[in-house]
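To start, the structure under review is shown below, and the notes come after it.
Every number in this text was worked out from the coordinates using simple rules, so none of it is lab data. These numbers were taken from a predicted model, which means no experiment stands behind them. Reconstructed Cβ throughout: ideal geometry from the backbone, glycine too, with neighbour counts over all protein chains shown.
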Amino acid sequence: MRLGLIIVNMIKYIIKRLALSVLILFGVSIIIYGLVRIKPGLDFVQAKYYAQMQLDETGQVAQMVERQREIYGLTSPIFKGYLKWAGNIVKGQWGDSFIFSVSTGEVELLVDAEGNPVLDAEGNQLTKPISSSNVLDIIASKSTISFIIALIATILQFGIAIPLGITSATKQYGVVDYSVTVLAMMGISLPSFFFGALLLRIFSIQLGWFPYAGLSNPNSNLPILIDNIHHLVLPITVLVILSIGGLMRYTRTNMLEVLNADYIRTARAKGLSEHKVIYKHAFRNTLIPLVTILAGILPGLFGGAMITETIFSIDGIGKAAYKAVTMGDIPFVMAYNLFLSVLTVIGTLMSDLMYAVVDPRVKLVGGK
Amino acid sequence: MSTLVQENKDLINLPNNQEQDKQEPEVSLSDSAKVISPGRLVLRRFFRSKLSIIGLITLLAMFAFAFIGPLISPWGEVQMTGDYKWVTSILPHQIVVQELNEETGLMEEVTYVFYEVSDPYKVYAKTPPSWDHPLGTDQYGYDVLTRLMYGGRVSLLLGFIVIFSEVIIGMFFGSLSGYFGGWVDQVIMRVVDIFNCLPGLPILMLAAALIDGWGIEPRVRIYYLMGILTFFGWSGIARLVRGQVLGIRELEYMVAAEATGLSTKRKIFKHIIPNVMPQIIVQATLGLGGIILSESTLSYLGIGVPFPYAAWGTMISSTSGAEGRDILQNYPNIWVPAGVCIVMAVLAFNFIGDGLRDAFDPKMRR
């Protein structure tokens, strides 16, 4: 009976949160679309193909441009255009990138003008690999490597930051605490592009310990996996050091708060060992606020690291986004922003739900 | 809210110090105690922390460097210094000739490599550090130290203007939301949620890249950059202010203000805002570091402070890509100082912000 009530409440809560998420995504998409539309003069598709349209005599380019503009609703006034674009987004038509294309793995059978198959000397039909410029395909194909890197970095980040945060809280104002605080501050204050360049200069160029760029070296005689790891040491170092500071401080603050709680005094008064007090009684309770951090992890995991990937020439989604920005590939940048917003919204939703699951004090109030 | 603090010398006058007591007439506690205003108390606590003093000194030094430095420097922001270095280029050539091998008596192909060494010629860029140019000159022949000063000017000024606008906007919406509650609160907070869900750097990049395409002249583009940073940055402060206002609204003195029939405007501006100020100041100081980081990242990407103007991020961006490899490897004097400046400025703001937070509210000490 009671369990049933809890489940009903849970479902109500989830539905309410989902509705809110949809509302937020609606707002986000308005902002992104508005940004693209406030430009005076030619819109971005026309601007992109402007030169080609001047040279084109057959009218094919003009047709293609019109088709593209149709997808983004650029042919209509802004309000109608937004509805058209949003409709296409919901339908999964996110538009085509101007500069990227990926092979879909499928092949197209070549036929000549009369519809007969084109054969090679041995009588096999010639095929052509189909490539896709659909931004969703590109995001999917590029985010794998970014995800692997981010996953390793996140695991390392948590593995290092949480123990350090706890140590610095239990030995407050000690040497460890001060060095952790200053290190955390350094990590927060370092710009990734400077830190990356510095690491490259020292460890790659000067000392030659790590390769300069890319993911693998075709001339290397190392096994491919080891070679990849060798290439990823520097980028992951950048990601970990830059993100560790915030988490460390967060853990420390929470731990300090918990250590001042009455039940910790009780635990100590009972005569429990300090180890038990800290790791059994205090640490478990610091995990609750850490759940909120989950919200920030999700976009980080799938969204790539723009600057770091660019500096180390890793062909992930971050580098793609950077390239898209510098080369004016607005469709891809729009899709990338929207993709990240969706991830953020899902992350927030998940962390809210997790919070309710982890912390029994949180009461789910659904419906009204 | 005044606080009584006994000065050290008053300990001498305490009754248990018999000898002193006999010589001097008794001084009452209220006469000898000094009243310290909350502001002074905050300052005292602020200066007690070493890190905040370090932060403050660094910041003052950076300000002097960025605003007084250019007045002293003999070079301009976009002035070719005319400093040059002598360079000899070495061009390898390879030829293959048929030659008789004397041992075997056969004709063999032999490869000769020779180097064509040019006469030394002048290069007006990337000169090494010298007395005239303590950090050398960059790839355009501009003085690096002077560019560094102007870059600091842009970063610091832009940071302050942006944070000021953010505070104004955030305070306006935050206090409206917290004070009125109800549907006003709902609407404003949902908008804040939307802004919070936007990805930080990518959306800034989208906006900056779009504006890049407008073809605005460089001087004006800096203002657009400020506008973008403000537009995407105010939501955090609005949320903070709302939370504080919600708490303050329930306090007794607000009930008293209500009872005396003060106008809403007066209640918000005279009674609520001053009490939110400490948290806003802390948040703004910490936020300044973030804005400087965002600005320099955008400049690094080439869509921030536009070219003829100096910016720290732009100076580091000279190391990126294949053509930047030479600068990355051989000319640390061009890009390392800029990075150090960014780190120092951001660190200083973080230290000061942390110090202020501890000083305003010692209970919140982290």
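Note on chain A: with a GNM built from Cα contacts shorter than 10 Å, the maximum mean-square fluctuation among A:297, A:78, A:138 falls on A:78. As a rough guide to protection, the peptides B:174-180, B:240-246 ranked by mean Cβ packing within 10 Å, highest first, stand as B:174-180, B:240-246. Against chain B, whose longest principal axis is taken from its Cα atoms, helix B:50-63 shows a tilt of about 60°.
Beyond 21 Å in Cα-Cα separation lie the following of the pairs A:16/A:80; A:142/A:323; B:34/B:270; A:84/A:323; A:48/A:323: A:16/A:80; B:34/B:270; A:84/A:323.
Averaged over the residues of A:23-32, the number of partner chain Cβ atoms lying within 10 Å of the residue Cβ comes to 5.
For the options B:218, B:128, B:274, a Gaussian network treatment of chain B with springs between C-alpha atoms closer than 10 Å singles out B:274 as fluctuating the most.
Taking the charge dipole of the range A:135-358 about its Cα centre, with +1 at Lys and Arg Cβ atoms and -1 at Asp and Glu Cβ atoms, the residue from A:230, A:291, A:330 reaching farthest to the positive side is A:291.
Among residues other than residue A:330 with Cβ under 10 Å from its Cβ, the summed charge is 0 (Lys and Arg +1, Asp and Glu -1).
Restricting to Cα pairs below 8 Å that are 6+ residues apart, what does the relative contact order work out to for the range A:2-102? Please round to a whole percent.
Details: 42 pairs, mean separation 17.6, N = 101.
It rounds to 17 percent for the range A:2-102.
Can you give the calculated 222 nm mean residue ellipticity of the protein assembly as shown, where each DSSP H run of n ≥ 4 adds -39,500 (n - 2.57) and the sum is split over every residue, rounded to the nearest 500 deg cm²/dmol? -20500 deg cm²/dmol, from helical runs alone. Highest mean packing comes first when the peptides A:163-176, A:139-152 are listed by Cβ atoms within 10 Å, giving A:139-152, A:163-176.
For chain A, the relative contact order is 22 percent, taking Cα pairs closer than 8 Å that sit 6 or more residues apart in sequence and dividing their mean separation by the residue count. Per-residue 3J(HN,Hα) values for the range A:168-179, derived from phi via the Karplus relation 6.51 cos²θ - 1.76 cosθ + 1.60 with θ = phi - 60°, read 5, 6, 6, 10, 4, 6, x, 5, 4, 4, 5, 5 Hz in sequence order (x marks Gly and Pro).
Around the amide H of residue B:141, modelled in the peptide plane, lie the amide H atoms of B:126, all under 5 Å away and 5 or more residues distant in sequence or on another chain.
Each Lys or Arg adds one and each Asp or Glu subtracts one; over the other residues with Cβ under 15 Å from the Cβ of residue A:281, this totals +3. Mean partner shielding of peptide A:184-190, defined as the number of other chain Cβ atoms within 10 Å of each residue Cβ, is 6. If you take all other residues with their beta carbon under 13 Å from the beta carbon of residue B:218, and give Lys and Arg +1 and Asp and Glu -1, the sum is -1. Peptide packing: for B:309-318, B:137-146, B:45-54, A:91-100, the average count of neighbouring Cβ atoms within 10 Å per residue gives the ranking B:309-318, B:137-146, A:91-100, B:45-54, highest mean first. Taking amide H as placed 1.01 Å from N in the peptide plane, the amide H of residue B:36 sits under 5 Å from that of B:3, B:5, each at least 5 places away or on another chain.
Measuring from centroid to centroid over Cα atoms, what is the spacing of the range A:132-146 and the range A:84-98 in Å? Comparing the Cα centres of the range A:132-146 and the range A:84-98, I get a distance of 15 Å. Ordering A:281, A:275 from the fewest to the most neighbouring beta carbons within 10 Å gives A:275, A:281.
Taken residue by residue and averaged, Cβ atoms of other chains lying within 10 Å of the Cβ of A:194-204 number 5.
In percent, rounded to a whole number, the relative contact order of chain B is 20, using alpha-carbon pairs under 8 Å and six or more apart.
Of all lysines in the structure, the ones whose alpha carbon falls short of 30 Å from that of residue A:270, not counting any fewer than 8 places away in one chain, are A:171, A:280, B:363. Under 5 Å between amide hydrogens, built in the peptide plane, is the criterion, and for residue A:328 it picks out nothing among residues at least 5 positions away or on other chains. Residue by residue, the range A:15-28 carries 3J(HN,Hα) couplings of 4, 4, 5, 4, 4, 5, 4, 4, 4, 5, 4, 4, x, 4 Hz when phi is fed to the Karplus relation 6.51 cos²θ - 1.76 cosθ + 1.60 (θ = phi - 60°); x denotes Gly or Pro. Working from Cα positions, state the angle (0 to 90°, nearest 10) between the long axis of helix A:78-91 and the longest principal axis of chain A. Once rounded, the angle reads 80 degrees. Taking chain B as a Gaussian network of alpha-carbon nodes connected by springs under 10 Å, the highest mean-square fluctuation of the residues B:63, B:114, B:195 belongs to B:114.
Between the Cα long axis of helix B:144-180 and the first principal axis of chain B there is an angle of about 40°, rounded to the nearest 10.
For the pair residue B:253 and residue A:3, what calculated FRET efficiency results from E = 1/(1 + (r/R0)^6), where r is the Cβ-Cβ distance and R0 = 45 Å, to the nearest 0.05?
Computed FRET efficiency for residue A:3 and residue B:253 comes out at 0.45.
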